[in-house]
Amino acid sequence: IAAFSGFPMIAGHSYRVEVIATFQTAATTTGGSMGVTMSTGSATIHGFMEADIAQTTVATGLKTSIRAINATNTTAGSFMTTTGVGVANSPHSWYVLLNVYCTANGNFNVQWGSEIASSGATLLANSIMIVDDLGIIS
């Protein structure tokens, strides 16, 4: 599992986190998995993830709410997994928009990996994570 460069969060601050990514997988039966984690600290979180599954003229995709964050991204609501793509070795989009409120100082990360351990799923160049520290919102 790969991780974007994480960032430190300050208790009491709210953050807007946006991920705009392009990925590809080695087989049509392989999807990707992305999750949000904190190696230290704690936070409340809400937002969503969405990803392309097929690139046909009638594109299909998957969208899920993100409502949890933990150390391993195994908690329901802290990650999304696709189960395949329309075309192998071809770019597909992944988008994340989150509001994160830090309740105890810590480090936030976004993790990425293949949903099948023996098959590749790669984030492509120019995939980015944009973080806005909104400060203390009263």
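The values are calculated or read from the model by the stated rules, or taken from the named source; none is laboratory data. Nothing here was measured: the structure is a model prediction, and the numbers come from that model. Every residue, glycine among them, receives a Cβ derived from its backbone with ideal geometry; neighbour counts consider all protein chains shown. Heavy atoms of the whole protein, side chains included, go into the accessibility calculation; ligands, DNA and RNA do not. Shrake-Rupley method; radii C 1.70, N 1.55, O 1.52, S 1.80 Å.
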Hey, among the residues in segment 88-119 that are open to solvent by 40 Å² or more (accessible area, probe 1.4 Å), in a loop (DSSP other than H, G, I, E, B) and in contact (Cβ under 8 Å) with a residue 12 or more places away in the chain, which one's nearest to Thr44 (Cα to Cα)? Glu115
Tell me, yes or no, whether segment 105-113 has at least one residue that is among the polar types (S, T, N, Q), under 20 Å from Gly31 (Cβ atoms), modelled with pLDDT of 90 or more and in contact with a strand residue (DSSP E or B) (Cβ under 7 Å, 6 or more places away or on another chain). no
Cβ pairs under 6 Å, 6+ apart or interchain, first in segment 126-138 and surrounded by 13 or more Cβ atoms within 10 Å (Cβ to Cβ), second part of a loop (DSSP other than H, G, I, E, B), ordered by first then second residue, are Met129/Phe4
Give just the number: which of (1) modelled with pLDDT of 90 or more; (2) of a type outside the set (D, E, K, R); (3) closer than 23 Å to Leu124 by Cβ does Ala59 not satisfy? (1)
So which pairs qualify, if the first residue must be in segment 34-49 and in contact (Cβ under 8 Å) with a residue 60 or more places away in the chain, the second must be of a type in the set (Val, Ile, Thr), the Cβ gap must be under 6 Å, and the two must be at least 6 apart or on different chains? Val36/Ile69; Val36/Val110; Met38/Ile69; Ser42/Thr103; Ala43/Ile69; Ala43/Val100; Ala43/Thr103
Do the conditions hold for Val85, that is, is it open to solvent by less than 70 Å² (accessible area, probe 1.4 Å), closer than 20 Å to Ser14 by Cα and among the β-branched types (Val, Ile, Thr)? no
Return the residues of segment 1-48 that are open to solvent by less than 50 Å² (accessible area, probe 1.4 Å), over 19 Å from Thr64 (Cβ atoms) and not in a strand (DSSP E or B); say none if nothing qualifies. Gly6, Ala11, Gly12, Ala27
